1. Restricting attention to segment B:63-76, which residues are within 11 Å of another protein chain (Cβ to nearest Cβ) and either of a type in the set (D, E) or in a strand (DSSP E or B) (or both)?
2. Tell me whether segment A:378-389 contains one or more residues that are in a loop (DSSP other than H, G, I, E, B), surrounded by fewer than 20 Cβ atoms within 10 Å (Cβ to Cβ), basic (K, R) and free of Cβ contacts under 8 Å to residues at least 60 places away in the same chain.
3. Every residue in segment A:83-101 that is part of a strand (DSSP E or B) and modelled with pLDDT of 95 or more, please.
4. Are there any helices (runs of 4 or more DSSP H) wholly within segment A:274-366 with 1 or more residues that are of a type in the set (V, I, T), and if so which?
5. Filtering segment B:5-62 down to residues that are crowded, with 18+ Cβ neighbours inside 10 Å and in contact with a His (Cβ under 9 Å, 6 or more places away or on another chain), which residue is farthest from the other protein chains (Cβ to nearest Cβ)?
6. State all residues of segment A:48-62 that are touching a Pro at 6+ places or on another chain (Cβ under 7 Å) and surrounded by fewer than 24 Cβ atoms within 10 Å (Cβ to Cβ); if no residue qualifies, say none.
7. So, of the residues in segment A:434-490 that are more than 14 Å from every other protein chain (Cβ to nearest Cβ) and part of a loop (DSSP other than H, G, I, E, B), which turns out to be surrounded by the fewest Cβ atoms within 10 Å (Cβ to Cβ)?
8. Can you find a residue that is modelled with pLDDT of 95 or more and farther than 26 Å from A:E237 by Cα anywhere in segment B:43-53?
Amino acid sequence: MPPGYHGCYLRIDVSTGRAERVPLADAVLRQYIGGSGLGTRLLLDEGGATADPLSPDAPLVFAFSPLVGTPLTTSAKFAVVSRSPLTERINDALAGSGFALAGKRCGCDAIVIVGRASRLSVLVIDDGEVRLESAEDLRGEACPVTEEKVRSRLGADFRIASIGPAGERGVRYATISHDRRHAGRGGSGAVLGSKNVKAVAVRGTQRCDWADPGALVELSRDVSQRSFGPATAKYRELGTATNLLTLNRFGALPTRNFQRGTFEQAPNLSPAELSARYPRARASCVACTIGCEHLYELNDAGVRVEYESLFALGSLCGVADGGAVLRALQRCDELGIDTISTGGTIAFAMECVERGLLDEPWLAFGSGDAVLHAIDLIGRREGIGRMLAEGSRRAALAIGHDSLAFAPQVKGLEIPGYEPRALQTMALGFAVGARGADHNRSGAYEVDFSDKVDRRHATIDSVRHAIDTEDRSALMDSLILCKFLRGVFTDFHAEAADMLTKVTGWDVTPDELRTTARRIVGAKREFNLMAGWTPKEDTLPERFLTAPLPGDPAAALTRDRLEELVAEYYRQRGWTNS
Amino acid sequence: MHVEFLGIPRERAGVSEVEIDAETLGQALTTLAARFPALRELITAGGLHGSVAANLNGDQFVSDPNTSLAAGDRLLLLSADAGG
């Protein structure tokens, strides 16, 4: 077993409470590293591609990585990997902080959960020993309350990942929450809820050796030092919320369900305006030197604000009241639901109301109260919330009248805050993304905000850039390192190879890591093929392919052009479209 | 010409926009560094720090200091990593 690893995963059947340690071959670890890569491999091996994601047979993987527990900044992260109940394709969602450290100290490189407990339970993993405890007293509790209660019951050194009421009720975009952060996208909270597991509590003492501890500490110190510089200043000083004004200036801020790319009242939602009304504080994950979290005080609690949440519950729903957006965000955190999918699905429903396809006149663009009410209905699965809890694609299929054309999703996953017609390399990244439209698995917006491409006129040359960002994301998500660190590296692959070598003792080269990234992206595709993927899924909703972005005639993307880009993407990947 | 600041460049400049005279991107950056000392961290001899991007009129991203600027141009300086 190489340093940095325990060489096994813990497989737990919550139907029986039985746990076993399953060995992991060195070759598998080297080929898939950890995090998203290792999680995808384990999910394939466990038959996760063909099981109904909400059935007892469906595996749910918590995957750590060789860097977890090292002094490398931002490395305290874990991946949750499963088949998504929202998309029925691969879903890998990442979150940070102490759960990763404590989970790995249980003596395993991953935890695989299958089965369904006979009652709502807390899955306790205490230094590798596994037991189930009743969580009936926690039924309906919000995520932060659940963490607090479980920790007070078990001990302060336990770290907890939990679901909120939405996960218990099978909302298809429910999250798994830990320490105010969420493995947010794709509905992993619904998968855990379907197993009758309210929370996973971990504590451990088993640490891994490192191949070259002295050199690793030295390297870590250097990376940390660089993380204090200009490359991360935006995250540290302003938070991602500042993107809202930038995207708005470029006409790329999704507004009123992608009907426009600018929001006249966007300045109301800027960090400057929000912090003038709601005191702002900063926080960070464990073992992070960036400290990107900006918490705005609301009702004596800090609400973490990120750009994606702000756009989804703000401009996308036409809401300009910063207080209403903060309350909506806080409610999503308590219920344990993905803010992007929540905002996307509500905005879609608002447009349906506007078009006369839904008879819910209260659900109007611009109404913060309507967004809050809709969130509560989703969390309770009551009234229209029953349909909206299914996500925008399923809602569109239920509503009919060609509403799928403007349901803001790819493969069922709601589109993040980047207008595809105004950012066309990102549009390609969205279309081909294995887990659907996602900015964390394809960072192609970076390319659009550079002189490498014309952001409103993607060409064949854009494709290689989209592939590069997708591959780099796969690598960062498998190592695992926070993407906010990406700007500090001058040669990411060389530095990542150096990190991995110092931890594991493997003689890793940059080229090996490039091959590894392609292998991981390929494994996700293999999963999707087994799960029933077809080529017609690699596209965008009709809205984006039939008319230019209102207010910006140059921002036009045709079906023919997107298909040409997708075909070139397959060609460069060496894939066929079947 | 008109310069708009977004993200960290706005934080450093302390204003959201300013008028300057410049015929090239390089001249514009030199002028801005002189007027707003806090921007010097982001403006190097060769152009811009990698964390900052420059754009003309919301259309074209530019990095070559010799890029010509016209009187009516709007130069945008923004944090390059515009994503979440």
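1. B:D64, B:R74, B:L76 - these are the residues of segment B:63-76 that are within 11 Å of another protein chain (Cβ to nearest Cβ) and either of a type in the set (D, E) or in a strand (DSSP E or B) (or both).
2. Scanning segment A:378-389, I find no residue that is in a loop (DSSP other than H, G, I, E, B), surrounded by fewer than 20 Cβ atoms within 10 Å (Cβ to Cβ), basic (K, R) and free of Cβ contacts under 8 Å to residues at least 60 places away in the same chain, so the answer is no.
3. Those that are part of a strand (DSSP E or B) and modelled with pLDDT of 95 or more: A:R83, A:I90, A:N91, A:D92, A:A93, A:L94, A:A95.
4. Of the helices (runs of 4 or more DSSP H) lying wholly inside segment A:274-366, those with at least 1 residues that are of a type in the set (V, I, T) span A:322-335, A:339-354.
5. Ranking the qualifying residues of segment B:5-62, first place goes to B:I43.
6. A:L54
7. Checking each candidate, the answer is A:T459.
8. No, because not a single residue in segment B:43-53 is modelled with pLDDT of 95 or more and farther than 26 Å from A:E237 by Cα.
The values are calculated or read from the model by the stated rules, or taken from the named source; none is laboratory data. Keep in mind the model is a prediction, meaning the values are calculated, not measured. Cβ sites come from the backbone with ideal geometry, for glycine too, and all protein chains shown count toward neighbours.
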